[in-house]
Every structure is written in C-alpha cells, then in structure tokens.
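All remarks here apply to the structure that follows.
The values are calculated or read from the model by the stated rules, or taken from the named source; none is laboratory data. Owing to the predicted nature of the structure, the values given are computational and were not obtained by experimental measurement. Ideal geometry is used to build each Cβ from the backbone, glycine not excepted, and the neighbour counts take in all protein chains shown. The protein model used for the area step is the full one, side chains on, heavy atoms only, and it has no ligands, DNA or RNA in it. Shrake-Rupley method; radii C 1.70, N 1.55, O 1.52, S 1.80 Å.
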Amino acid sequence: MDFKRYFRDYPTPDGFFGPYGGIEISDDLARACREIDQAYRTICQSSKFISELRRIRKEFQGRPTPVYHCNRLSEKLGNCHIYLKREDLNHSGAHKLNHCMGEALLASYMGKKKLIAETGAGQHGVALATAAAYFGLKCEIHMGEVDIVKQAPNVARMKVLGAEVIPVSHGLKTLKEAVDSAFEAYAKQYKEAIYCIGTVAGPHPFPMMVRDFQYCIGEESREQFLEMTGHLPDAVCACVGGGSNAAGSFAAYLADSVDLIGVEPLGHGPAFGGHAASLTYGEPGSMHGFHSYMLKDKDGGPAPVYSIASGLDYPAVGPEHAFWKDINRVQYVTIDDKEAVDAFFKLSRYEGIIPALESAHAVAYAMKWAKDHPFGSILATCSGRGDKDLDYVIENYGFGEDHQF
C-alpha cells in the first residue's frame, strides 16, 4: 500500500476503510451525519479554522505535550529505552480534549447550541464539558452507573464545569450502554445539537474526524523524537479501546519503518465476558452505526465486556484499526489487569508519573517490549493521568508496596 497517498484514499467518500466503517443508522441520523461531514470537509482546509484550532491548542490546551525519556524505568529493564508521549499533561488530563475542542469549534461553525456525548472513564466527559464551557455551549454527558461510582472525581469535574450528567442504568451500566443512551438522546435533538463521540468509532464521519483531530499526537511525537535522538523510535504503542489515542499516535508513522502496536485490554483473561479485546478475539460485525471487529454473544449481538480501565471496556473498535489489522500495518496485542496495575505502580514509583489505568496498558506493553529487546527504543502514549483512578486502585490494590523491581 502507498501510505503517502493513504489520507487521500481513506476513508472513501461514504466512510469506509476497506470493508469497515459506513453509516448504518436511521435516515434522520444519517442526514445529520452527512451534514456534519459536509461542514467538516468544508472547513477542515480553511486557514481560519486551522489557525483558530492551533491557537486553542497552544494557548488553552498547552500543546505541544512533551516526549519524556523514562530513564530509571528503562535502566531497571535493561538496555532498551522507553519514552512517553505525555498526553496526561494536556489540559483536562488526557488526549480527549484534542478532538473535543475541534468538535466544539465545528459545532459553533454549524450554529449548534449543545454538545452530547457518552463517557466511560470520564475523561471524554470532562474534556467535552471543558470545551462546552469554553465555547458557551450546553453539554449533556451519558455515563453508566457503574462508571459513575468508579470515576467519581471525573463526574464531579463535569458537573463543576456545567455539564448535565445522565446516569445510564440498563444493561451492564458501562460504556456500551452509555453510547446507546447518547445516540437515543441525539436522535431527538440533532437539529440543535451535535453528537461528539469520544473515539474513532461510530458512523462516518466520526472515525475520520476524531482521527484527524488526534493526529497532533503522532505529528508532534515524530518531530520531538527526531529532535531528541536524531532518529525515529523502533516501535510506537498505545492502548486501544475504541482507539482514538492510538489512531492519533499511529497515523503520522504509517509511511515510516516503525512498528506500530495497539494494546487491547485482556481484563481477567480470554474467557467470554472477561475482557474487551475486540481485535484479538472478535469478528466482523456492526453496532452503533458502523462495521468493524466486534465481540459477539451467542445471538450475534454485542458481548458483555470487562476491563479494569473504564475507558477500554467497549465491545467493538474503530473501523480504521480493523483495516490496519487486516493489512498488517499495526499489530494488536493484549495486556491483562494484573500487568496494567503493575505498570501503574512502577511508572508512579520510578518516574513520578501516575498514569490512567487505560494508559497503564500501553506502559505495561512497553515494559514487556523493553525486556524482550536487548537494544532499541519504544514510544508509548500516556493517554491520560491517573487522578481519576487513585481511589479505586488504592481501595483494591493498596499503595503498590509489592510492585517494585
């Protein structure tokens, strides 16, 4: 594949990455999505829009976020070097603000008055509430009751920022159900609102649009790594739930001789319902308006899923990741809860960085990669900070006394 032409060819005008993607929703919502697509394609090449987004990223978000060399952690593991792209230092504490500010700017351009979204770990909800406050828009966040309890600090932040948090009490009461609820709300309000999906999933144009807004992660890290070391990393890894931080991390490296590794949540293990590793254990299927890899139950519907990281427990994955898997450009691996918690504590104790549990999956894989390679370098995306997870981790795992080399 000619990756120099990749962004001209994918997605196709109707939103497909190979066989994955599309718009599989009601006619009314499909029209609303096409309206968003037309508006985005109209302004994404506009110097005025791009200049405003760059100003916001620099002056409000604090971008570019740095690339950091984990010197002590690397020395503990061998001669390989681990680097982090510090999205946890992005304003609001995660990569999510990258696309939320872009989507809110687009909503303002379209004359919309309200932002609607789902959230799992709460980072997307906080980021969208932040964007809504910045632009003076209403904000409605749908969140499963299980995650509301688990991620109480982020729920409080959303409310302080002025968002209305809608508890979702059906099903497993986690991310999949929150998406269901947000779509239902959007179907009733699409004339005045825009649905700001929190990842590179959903109907077209969201997978493309969120990837584009997250592209700054890989674009910055590529330039920063070259400046720091004079060469590119041997590998780049990022956690994958729906896949937004990974899509942004990988996209800038597609044409380079760099290994790209997406890290899925293995949870308790490979047994049915004990993980959320869609690309590793799933098969092609459709949900939430798009076609991709999906974990299915015996009836072909979305399977129950689990991860210690609330932002990763989704039974499908963005369609571009499915495409990258099929064309063998990105390798997808798994990290279980125990490995993620170990990485959470070790990064905290040896580098002074408390990562989100989602990010800890990428850090865990980077540690494993470093052990297996006598030399070289790997860049992991630290997609968010772990403040939101501290109460849960301490309650269930203590203060990490046992997680030392």
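The H on the amide N of GLU118, modeled in the peptide plane, is under 5 Å from the matching H of HIS142, GLY198, each at least 5 residues off or on a different chain. Of the residues GLY218, ALA364, PHE405, the one whose Cα sits farthest towards the positive end of the charge dipole of the chain is GLY218 (charges of +1 on Lys and Arg Cβ, -1 on Asp and Glu Cβ, taken about the Cα centre). For the cross-link pairs LYS191/LYS296; LYS96/LYS298; LYS4/LYS96; LYS4/LYS368; LYS338/LYS368, the ones whose C-alpha atoms lie over 24 Å apart are LYS191/LYS296; LYS96/LYS298; LYS4/LYS96; LYS4/LYS368.
Taking the accessible area of the range 109-175, probe 1.4 Å, and keeping the other protein chains in place, the carbon and sulfur fraction comes to 59%. Compactness of the chain was expressed as the Cα radius of gyration divided by 2.2 N^0.38 Å, which yields 0.90.
By how many degrees, between 0 and 90 and to the nearest 10, does the Cα long axis of helix 175-189 differ from the longest principal axis of the chain? Taking the Cα atoms of the chain, the angle to 175-189 is about 20 degrees. Using Cβ point charges alone (K and R +1, D and E -1), the dipole size of the chain about the Cα centre works out to roughly 1060 debye. Average accessible surface for the chain: 38 Å² per residue, computed with a 1.4 Å probe over protein heavy atoms with every protein chain in place.
Select from ALA121, ALA246, ALA39 the residue whose mean-square fluctuation is largest in a Gaussian network model of the chain (Cα-Cα springs shorter than 10 Å). Taking springs between Cα atoms under 10 Å, the residue moving most is ALA39. Across the options MET208, VAL341, ALA238, the greatest Cα extent toward the positive end of the charge dipole of the chain (unit charges at beta carbon of Lys, Arg, Asp, Glu) belongs to MET208.
Considering only ILE217, ILE327, ILE378, the mean-square fluctuation computed in a Gaussian network model of the chain, springs between alpha carbons under 10 angstrom, is largest for ILE327. Compared with the dominant principal axis of the Cα atoms in the chain, helix 206-229 is inclined by about 30°. Across the chain, the relative contact order, built from alpha-carbon pairs under 8 Å that are at least six residues apart, equals 20 percent. Considering only LEU390, GLY111, TYR332, the residue lying farthest towards the positive end of the dipole of the chain is GLY111, judged by Cα position with unit charges set on Cβ. Using alpha-carbon positions, what is the distance between the centroids of the range 113-143 and the range 230-250, in Å? Spelled out, the Cα-based centre of one part sits 25 Å from the other.
Per-atom-type breakdown for the range 198-256 gives carbon and sulfur 43% of the accessible area (1.4 Å probe, protein chains only). You can think of it this way: the chain between GLU164 and ASP14 has 50.7 nm of extra reach, that is 0.36 nm per residue less the Cα-Cα gap. Annotation: amide H of ALA380 within the under-5 Å range of TYR83, LEU84, LYS85, CYS237, sequence separation 5 or more or interchain, hydrogens built in the peptide plane. Here the range 18-62 is treated with +1 on each Lys and Arg Cβ and -1 on each Asp and Glu Cβ, and its dipole about the Cα centre works out to around 440 debye.
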